[in-house]
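Asks: Supplied in structure tokens, the structure appears directly below.
None of the figures in this text is laboratory data; all of them are computed from the coordinates on show. Quantities reported herein were computed from a predicted structural model and do not represent experimental measurements. A quick note on method: Cβ atoms are made from the backbone with ideal geometry, for glycine too, and the neighbour counts reach across all protein chains shown.
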Amino acid sequence: MARIHSTRLSRLLTGWASEGTGPLPRRLADALRELAERGDVAGGTLLPSQRELASVLGVSRSTVTAAYGLLESEGRLESVRGSGSRLRASGAPDGYVTEGRLVSFDARVRTGGGADPVDLSSGALPGLGTVAEAVAALSGEGLGALLTEDGYHPYGLPALREGIAAYYRAAGVPTEAEQILVTAGSQQAVWLVAQALVEPGDTVVVEDPTYRGALEALRARGARLVPVGGDGPGGEGPAALRRLAGHARPRLVYLQPTVHNPTGHTLDEAARREWRRVLMDLELFTVEDTSCAELFLGAAGSAGAAAVGGAFPGGERAGAPRVADQAGEPLAEAAPVPLAAGLPMGSTVTVGTLSKLFWGGLRVGWIRSSPQVVTRLAQIKTSVDLSCSMLDQLVAVRLLDRLPEARARRRAVLRERRDAAEALLRARAPHWEWTRPEGGSALWVRVPGTDT
């Protein structure tokens, strides 16, 4: 059987004591389990003795003993007489959990199990009528010029690239069309970043929790994922990143500062300044995922929303009246200023999409970065698809002009459904706990005493 030396295991466990939750034995058990799940420690590997691991980690032997006991109770650890403890790649068979992220999209089946069940499997939103209106507005004249070409634009339709660049300029982030790569949704954008910027074994810092699709793309690339913070962005994240950088050099940091998926949290301006300071000081490559940013429901001026004047395409000018609901909350307010506004262009990638705001069936996302990074990503993209759909991109150009209207429609519905979901959970599951999200279509729920 293969053995892992205590010093190597200690390096793989960097940050476990400060970044986990619960008592130290639980944090250590969780970190060891994650190493097995990621494949950083192969199944069947013999772990160091309890005394040896306690010494190298700087904790009491009882902490390691308790952690090993927790893993053994889960079927993750097997004692081998005369040899030590063997880490298993998976737990007991009855503890296996199937892949669930896409089940609600594929199966479309409701199972039995009680009267009036509540489906919590997906927060995906239906499309806005604005999409149908934009499709109906397409004319033969508009398509005619494109039909004389071959239909391949590997970087994206020029009009759309310019429209997205204008979107960022209006937010206070100087951007030219050559800095934009159009992708088939934000999931492809994250996948391209993983392929281009991460090598197997590289350390990638992520928030805890974070977007599951990003975890899948990074793990498939062989990245070693190190979580920082807890229950959303901000908090101890910047400080934890500084501590981590003292032991390991992360290849990149993946963040969702605005409308975090799944928690719905949004960084306030003070937290944004601290993240920028740390990322600049450590000179780390940053991937900012703003896929859900247009689902921001916060009040005017929060999270840096009022830090930069101007308007998005088709939007309001600074100082102009804002569309408000009956409670007086702004409905057409632009999303908060991107974190990228204060970071070097050459070491920053920003991911965005129209799919969250308008419709998941509209597969139009993008990457904003330096022209050099965009070129590198485009070269990888052409090996997967030669070009995104021209029809989708033509529709997207028209939708960019209707952002304020779409925000008003979507946010009014989101507020109503958020209130309804909270009322339903308070009635059906009064022991569940959550923090009201500042945006998005999900509630990040803590279920006491249950493995969700």
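Asks: If you keep only loop residues by DSSP, which GluC sites (Glu not before Pro) in the stretch 139-217 have at most 16 other Cβ atoms within 10 Å of their Cβ? Could you put the intermediate results ahead of the total?
Replies: Working: sites: 141, 149, 162, 176, 178, 207, 216; in loops: 149, 176.
Sparse-neighbourhood loop GluC sites (Glu not before Pro): 149, 176.
Asks: Could you pull out every residue, at least 5 positions away or on a different chain, whose amide H is within less than 5 Å of the one on residue 183? Hs are placed 1.01 Å off N in the peptide plane, and Pro or chain starts have none.
Replies: Sorted by chain and number, the residues that satisfy this are 365, 366, 367.
Asks: Right, next: Give me, ordered by chain and number, the residues 5 or more places off residue 228 or on other chains with an amide H under 5 Å from its own placed amide H.
Replies: 206, 207, 208
Asks: Fewest Cβ neighbours within 10 Å first, please rank 131, 349 accordingly. Don't jump to the answer; show the numbers that get you there.
Replies: Values: 131 20, 349 27.
Fewest to most other Cβ atoms nearby, the residues stand as 131, 349.
Asks: Okay, next question. Give me the extension gain from residue 17 to residue 372: residue separation times 0.36 nm, minus the current Cα-Cα distance, reported in nm with one decimal.
Replies: Working: separation 355, 0.36 × 355 = 127.80 nm, distance 3.87 nm.
Using 0.36 nm per residue and subtracting the Cα-Cα distance, I get 123.9 nm.
Asks: What is the order of 350, 266, 175, fewest Cβ neighbours within 10 Å to most?
Replies: 175, 350, 266
Asks: Provide the gained length on full extension for the span residue 283 to residue 124, in nm with one decimal, where the gain is 0.36 nm per separating residue minus the Cα-Cα distance.
Replies: Numbers: separation 159, 0.36 × 159 = 57.24 nm, distance 3.57 nm.
Taking residue 283 through residue 124 to full extension adds about 53.7 nm, to one decimal.
Asks: Something else about it: Using a Förster distance of 41 Å, how high is the FRET efficiency between residue 426 and residue 138, based on the Cβ-Cβ distance and rounded to 0.05?
Replies: Values: r = 45 Å, r/R0 = 1.10.
With R0 = 41 Å, the Cβ-Cβ based efficiency is 0.35.
Asks: Could you give each residue of the stretch 402-414 its phi-based ³J(HN,Hα) in whole Hz, using Karplus coefficients 6.51, -1.76, 1.60 with θ = phi - 60°, and x for Gly or Pro?
Replies: 10, 4, x, 5, 5, 4, 4, 5, 5, 6, 4, 5, 4
Asks: While we're looking at this one, here's another question. Arrange the peptides 417-427, 163-173 so that the one whose residues have, on average, the most other Cβ atoms within 10 Å appears first.
Replies: On the way: 417-427: 12.7, 163-173: 20.3.
Packing order, densest peptide first, comes out as 163-173, 417-427.
Asks: Would you pull out the residues with amide H under 5 Å of residue 203's amide H, same chain only if 5 or more places away, H placed 1.01 Å from N?
Replies: Those qualifying (amide H under 5 Å, at least 5 residues apart or on another chain) are 224, 251.
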